1. Assuming a ≥ b ≥ c are the square roots of the Cα gyration tensor eigenvalues, decide whether the stretch 215-380 counts as rounded (a/c under 1.5), prolate (otherwise, with a/b larger than b/c) or oblate.
2. With the cut-off at 1.5 for a/c, could you classify the stretch 35-90 from its C-alpha gyration tensor as rounded, prolate or oblate?
3. If I fit a long axis through the Cα atoms of helix 26-37 and take the longest principal axis of the Cα atoms of the chain, what angle between them do I get, 0 to 90°, rounded to 10?
4. Percent antiparallel among DSSP beta bridges with both residues in the chain, to the nearest 5?
5. Extension gain F21-E240, at 0.36 nm per residue separation less the Cα-Cα distance, in nm?
6. Count neighbours as other Cβ atoms within 10 Å of each site's Cβ, and list the GluC sites (Glu not before Pro) in the stretch 320-372 that are DSSP loop with at most 16 such neighbours.
7. Does the stretch 3-204 classify as rounded, prolate or oblate by the C-alpha gyration tensor (a ≥ b ≥ c root eigenvalues; a/c under 1.5 gives rounded; else a/b over b/c gives prolate, otherwise oblate)?
8. Whole angstrom only: what separates the Cα centroid of the stretch 304-374 from the Cα centroid of the stretch 17-63?
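Values in this text are rule-based calculations from the coordinates and carry no lab data. This is a predicted model, so every value here is computed, not measured. With ideal geometry, Cβ positions are generated from the backbone for all residues, glycine too; neighbour counts draw on all protein chains shown.
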Amino acid sequence: MSFQDLNLNTPLYNALDDLGFKTPTPIQAEAFNVVSSGKDMVGIAQTGTGKTFAYMLPILKNLKFSTQENPRILVLVPTRELVVQVVDEIEKLSKYINTRVLGVYGGTNINTQKQAIAAGIDILVATPGRLYDLALSRVLQLKSIQKLVIDEVDVMLDLGFKHQLINIFDILPEKRQNIMFSATMTEDVDLLINDFFKSPERVSIAISGTPLDNISQTRYKVPNFYTKINLLTHLLNDTETFNKVLIFVAFKKMADRLFDQLDEIFHDELCVIHSNKTQNYRLRSIEQFRNGDNRILVATDVMARGLDIDNVSHVINFDTPIYPENYMHRIGRTGRAERKGEALIFNTEKEADAIENIESLMNMEIPLMELPEEVTVSTELIPEERPVIKEHNNPNKRNKDEDAPGPAFHEKSEKNSKENLGGSYKFKIAAKYKKPKTRGDKNYNKRNKKK
Ligand code: AMP
């Protein structure tokens with residue numbers, strides 16, 4: 001496909017010529033018609049794939065010249081660095097178009113930004129906090145916003161911006177197009193999509209399900225968290241083989257829990273990155289791991305995405321990602337520059353379905369290894385692993401009616417009472433890999449029980 005196929009206009013072609021861009025990247029080719037159609041869209045793409053132009057090309061093509069002061073396009077991004085970068089990209093692309101672009105972010109003088117807004121703008125690029133402050137001050141009017149782009153949604157939610165996003169949704173015109181981009185699919189992203197978007201179209205550049213030949217993979221079936229810790233400790237004790245180890249977990253809580261366990265033994269060799277750590281802490285951790293001062297780095301998916309570190313000897317999946325794409329991203333952190341790399345995955349019985357999805361995506365089975373004899377199998381369970389105790393025939397137990405909320409309970413607002421059906425992505429994955437999945441999918445079971 002060439003840019004000619006997208007039927008752009010002369011000013012855009014000239015700008016692309018100046019930039020020396022010859023063909024659209026896959027995400028640009030995929031997203032163009034969806035964004036042009038006006039439908040809500042969720043794009044799964046990492047930085048570096050050309051995602052900024054993937055939404056800006058169709059938006060700029062269709063944006064009519066206007067002298068009105070209020071912005072018509074709002075782009076929300078998680079960091080000030082990204083505001084600067086996105087504004088820069090838009091300016092390059094709109095070089096021959098009369099478009100007014102402005103970037104705003106916190107930590108700088110709000111009055112200067114108010115003046116710039118009052119002068120009139122078409123496209124506003126902002127971090128959520130500053131955007132909300134400006135909207136509350138009434139200098140910024142959002143009533144003309146036609147399109148909302150949220151970039152790096154996964155990072156935004158991981159940084160805890162969910163409520164700020166919801167506040168912003170509330171003050172935007174209801175009739176608008178929502179376009180969002182996320183590099184990783186996470187449960188938080190899925191929930192946000194289900195709650196606030198109208199059956200968005202998903203656009204993703206198919207991640208290759210073919211792992212590199214130079215990455216060898218191994219799987220261990222492990223009954224519980226503490227046995228995983230025992231296995232991990234056993235492996236990490238072999239400092240010669242496991243000389244640069246990146247350990248992945250899905251959530252920051254689990255990252256901290258794992259860090260605490262490992263810290264007792266591997267104190268001087270260990271560092272961690274997740275979004276509750278400050279930017280400085282994260283940068284220091286990555287640097288110490290990169291230069292070899294620390295042998296072991298514990299990281300969450302969102303934070304470690306795109307990490308480019310040489311000579312990672314092992315990637316250890318301490319948990320099994322429910323989105324198989326995340327597994328591909330994780331193991332791709334080793335075996336870089338054609339060096340040999342090893343990827344290990346620990347899975348409990350509960351994670352068996354996720355293993356099946358990963359194996360379907362790769363079209364291969366991950367070789368299973370026996371737990372080494374030296375590894376103690378623990379019977380201790382973390383709270384999430386403990387069975388839920390159901391009490392029968394307990395005379396002191398209150399019955400259901402008594403438990404019902406009394407008048408002090410407020411009705412949920414209409415918006416919040418909306419039933420979250422959830423799990424749509426999981427169903428898509430199941431359909432994609434042609435596996436009818438009922439067992440173990442709590443949303444599916446819940447829905448069917450209701451019928
Ligand atoms: P992004 O993923 O939006 O951060 O873009 C990554 C880099 O690719 C940026 O420096 C863009 O300027 C560049 N880029 C975007 N589209 C193209 C294209 N079609 N051909 C070559 N480079 C591109």
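1. Values: a/c = 1.40, a/b = 1.19, b/c = 1.18.
Rounded is the answer for the stretch 215-380, as its axis ratio a/c remains below 1.5.
2. Numbers: a/c = 1.92, a/b = 1.24, b/c = 1.55.
Here the stretch 35-90 falls in the oblate category.
3. That works out to roughly 60 degrees.
4. Working: 0 of 50 bridges.
That works out to approximately 0 percent antiparallel.
5. On the way: separation 219, 0.36 × 219 = 78.84 nm, distance 4.60 nm.
Result: 74.2 nm gained on full extension.
6. Working: sites: E325, E338, E342, E349, E351, E356, E359, E365, E370; in loops: E365, E370.
The qualifying sites are E365, E370.
7. On the way: a/c = 1.58, a/b = 1.11, b/c = 1.42.
Oblate.
8. About 31 Å separates the Cα centre of the stretch 304-374 from the one of the stretch 17-63.
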